[in-house]
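Written out below as structure tokens is the structure these notes cover.
The values are calculated or read from the model by the stated rules, or taken from the named source; none is laboratory data. Only a predicted model underlies this, so the values are computations on that prediction, with no experimental measurement involved. Positions of Cβ are generated from backbone atoms using ideal geometry, with glycine treated the same way; all protein chains shown enter the neighbour counts.
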Amino acid sequence: MIACRGGKIYTGTAIDPDARYAAHRAGKGAAFTRANPPVAMLRCAPFGSRSEACRAEAALKKMPRGKKLSWAREPAGTCPPDLSGSIMVRMSPAEEGFEGFDGSPRQ
């Protein structure tokens, strides 16, 4: 899960999240991140298989914004029931200072 400029959130799957994040930052990732450049990786969670990761991605994308941000802030090993599996936080930089990611409503 990536925080993007303008307070938007990008969620995707990758075998190598660090390389994928670098590609997004370089403007070589998804069209969404080219239009809304990334500012921070909020959370990265490994899964046992690609299908598990895709199911979790789909569940995250259906969540309202507040629940997505709550999930991004959860400590390692905790997740909503619809995202259960092998969840672990790899990188969770402070969100303060990123427009729309400090808990305040977006303008």
Residue, farthest from Arg43 (Cα to Cα), within region 58-79, restricted to residues that are surrounded by 15 or more Cβ atoms within 10 Å (Cβ to Cβ) and modelled with pLDDT under 80: Cys79
Count of region 10-46 residues which are surrounded by 20 or more Cβ atoms within 10 Å (Cβ to Cβ), more than 18 Å from Glu57 (Cα to Cα) and either at pLDDT below 90 or among the basic types (Lys, Arg) (or both): 0
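May I ask you to list the residues in region 14-61 that are assigned to a loop (DSSP other than H, G, I, E, B), touching a helix residue (DSSP H, G or I) at 6+ places or on another chain (Cβ under 6 Å) and farther than 19 Å from Glu74 by Cβ? Spell out the reasoning first.
Going through region 14-61, the residues assigned to a loop (DSSP other than H, G, I, E, B) turn out to be 14-16, 26-30, 36-37, 42-49.
Restricting the remaining residues to those that are touching a helix residue (DSSP H, G or I) at 6+ places or on another chain (Cβ under 6 Å) gives 14, 27, 29, 36-37, 42-44, 47.
Ala14, Gly27, Gly29, Asn36, Pro37, listed by residue number.
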